[in-house]
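Notes follow the structure.
The numbers here are math on the coordinates, done by the rules we state, and not lab data. All of these numbers come straight from a predicted model, not from anything done at the bench. When we count neighbours, we look across all protein chains shown, and the Cβ atoms used for this are built from the backbone with ideal geometry, even at glycine.
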Amino acid sequence: MIIAIDGPAASGKGTIAKQIASVYGLHHLDTGLIYRAVAKALLDAGRSPENAEAALAAAIALDPAKFGEPALKTQKVTEAASVVAAIPEVRQALMNYQRAFATKSPGAVLDGRDIGTVIAPGADVKLFVVATPQVRAARRVLELRARGEDADENAVLADLLRRDERDSRRSAAPLKAAPDAHLLDTTHLSIDAAFRAAVDIIEAARTGRKRR
Ligand code: CDP
């Protein structure tokens, strides 16, 4: 089984994906980490994230063993990730890794921006997770503060909106719901309620029954 979970920044897709993978016994890939790793490699080497040639070389040299590095979550890397993610050659170079991951046995949950549209268009279930920008910013502020980073709510909101805009407007694999994706709005849902809503959608899709 392949489950594709897409959505804008801090919509709750990553948390849902992790929990779903754990409950269903599936592999999980947070594909944002891939773009973050490429961005960090560029920043570490003193290169601009807009440098397509350097970004492609970093994408080809990608080392998944480094996906757990806490430094991938800093605001600087986050911003640079959305810049490198707009480079078509970079996305192309990272496609095989993601597609191979998606077909791992017994199945996989991938979360990102283009899983249901480009990476795994044949996924068994697709979720598109959204929440209002204000709620997403408040969640991201809590996450950043928990990691000891300074976080001003207005600045975080502005960052999210700028990134959403860049992710949605780029020509290569823009952020958008696949036509057959199920929309899940987590604005008023707790983590647990969002997880239960996701399970409900997945079970309904698997058994062909109508959602409650
Ligand atoms: O955690 P958050 O939702 O803020 O970000 P992320 O999922 O780690 O993604 C970071 C950036 O990588 C996004 O702003 C996108 O530009 C890019 N990305 C992408 O283009 N395609 C994906 N499948 C995943 C992430």
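Descending by average beta-carbon neighbour count within 10 Å, the peptides 134-143, 120-129, 11-20, 46-55 line up as 11-20, 120-129, 134-143, 46-55, the highest first.
Taking a point 7 Å from the Cα of A193 along the Cα-to-Cβ direction, the residues of the range 1-40 with backbone N closer than 17 Å to it are 11-13, 16. Just how far, in whole angstrom, is the range 18-63 from the range 140-212 if you go by their alpha carbon centroids? Using only Cα atoms to place each centre, the spacing works out to 19 Å.
Calculated FRET efficiency, E50 and K18, Cβ-Cβ r, R0 35 Å, to nearest 0.05? For E50 and K18, the calculated efficiency is 0.65. Helix content alone sets the calculated 222 nm mean residue ellipticity of the chain: runs of n ≥ 4 DSSP H residues at -39500 (n - 2.57) each, divided across all residues, give -15500 deg cm²/dmol. Rounded to the nearest Hz, the phi-derived 3J(HN,Hα) couplings of the range 190-202 under the Karplus curve 6.51 cos²θ - 1.76 cosθ + 1.60 (θ = phi - 60°) are 6, 4, 5, 5, 5, 4, 5, 5, 5, 4, 4, 5, 5, where x marks glycine and proline.
Annotated for the range 2-202: lysine pairs at least 8 residues apart or interchain, Cα distance under 13 Å, count 5.
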